[in-house]
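The values are calculated or read from the model by the stated rules, or taken from the named source; none is laboratory data. Only a predicted model underlies this, so the values are computations on that prediction, with no experimental measurement involved. Reconstructed Cβ throughout: ideal geometry from the backbone, glycine too, with neighbour counts over all protein chains shown.
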Amino acid sequence: MVEEATIRDIDEMEPVARDVMEALREVRDPELGMNIVDLGLVYNVEVEDAEALVTMTLTSPGCPAGGEILENSQKQAESVEEIDAADINLVWKPFWTPDRIDDEVRATLGI
């Protein structure tokens, strides 16, 4: 059985985890031209002993840019000074929908 990922608000995260989340804003979905945090693709960031675990999804299981997004996510997480290594935990539950896009971004896009 596949467990559903916990979605955590950035305000609930520890400071270094928030720094990782902010670094992940530099990762863009090349098809949509938006960063993965505002798209709602990043569900959680946990940090323990200078290692980050990023739990995220993609817009679809067949996302053609998936490999690029995951690779860039790991690099950006590892770019945070306090982080030595990052693992990306790709999940499909909950499945991503456009409702996960940040409210301010949705308003800008007129959705």
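Which residue pairs have Cβ atoms under 7 Å apart, sit 6 or more places apart or on different chains, and have a first residue in the stretch 89-111 that is in contact (Cβ under 8 Å) with a residue 60 or more places away in the chain and a second that is surrounded by 11 or more Cβ atoms within 10 Å (Cβ to Cβ) and among the acidic types (D, E)?
Close Cβ pairs satisfying both conditions: K93/E4; P94/E4; I101/D38; D102/D38; V105/D38.
With I7, I69, I83, I36 as the choices, which residue is at pLDDT 95 or above and touching a Pro at 6+ places or on another chain (Cβ under 9 Å)? Explain how you work it out, then say what you get.
Working: I7 fails: at pLDDT 95 or above; I83 fails: touching a Pro at 6+ places or on another chain (Cβ under 9 Å); I36 fails: touching a Pro at 6+ places or on another chain (Cβ under 9 Å).
After ruling out the rest, the residue left standing is I69.
Please count how many residues of the stretch 28-40 are surrounded by 18 or more Cβ atoms within 10 Å (Cβ to Cβ), acidic (D, E) and not in a strand (DSSP E or B).
Counting residues in the stretch 28-40 that are surrounded by 18 or more Cβ atoms within 10 Å (Cβ to Cβ), acidic (D, E) and not in a strand (DSSP E or B) gives 1.
Considering the stretch 53-75 alone, what residues qualify as being under 12 Å from the mean Cα position of the chain (by Cα) and either under 19 Å from I111 (Cα atoms) or not in a helix (DSSP H, G or I) (or both)?
L53, V54, T55, M56, T57, L58, T59
Please state which of the following conditions R25 fails to meet, knowing it meets all the rest: (1) over 14 Å from the mean Cα position of the chain (by Cα); (2) at pLDDT 95 or above; (3) surrounded by fewer than 18 Cβ atoms within 10 Å (Cβ to Cβ).
(1)
Which pairs do you get when a residue that is under 17 Å from P94 (Cα atoms) and free of Cβ contacts under 8 Å to residues at least 40 places away in the same chain, found in the stretch 44-72, comes within reach of a residue that is in a loop (DSSP other than H, G, I, E, B) and β-branched (V, I, T), reach meaning Cβ atoms under 6 angstrom, with the pair 6+ apart or on two chains?
Here the result reads N44/T6, each pair linking the stretch 44-72 to a residue that is in a loop (DSSP other than H, G, I, E, B) and β-branched (V, I, T).
If I ask for residues that are under 16 Å from the mean Cα position of the chain (by Cα), not in a helix (DSSP H, G or I) and not hydrophobic (A, V, I, L, M, F, W, C), which ones from the stretch 77-111 would you list?
Within the stretch 77-111, S79, D87, N89, K93, P94, T97, D102 meet the criteria.
Just for the stretch 82-111: of the residues that are loosely packed, with under 13 Cβ neighbours inside 10 Å and among the small types (G, A, S), which one is farthest from E14 (Cα to Cα)?
The residue in question is G110.
Can you tell me which residue within the stretch 10-22, out of those that are under 21 Å from D99 (Cα atoms) and surrounded by fewer than 20 Cβ atoms within 10 Å (Cβ to Cβ), is modelled with the highest pLDDT? Working first, answer last.
Taking the stretch 10-22 first, the residues under 21 Å from D99 (Cα atoms) are 10-12, 21-22.
If we keep only those that are surrounded by fewer than 20 Cβ atoms within 10 Å (Cβ to Cβ) as well, we get 10-12, 22.
On the way: I10: 83, D11: 82, E12: 86, E22: 96.
Checked the stretch 10-22; the qualifying residue modelled with the highest pLDDT is E22.
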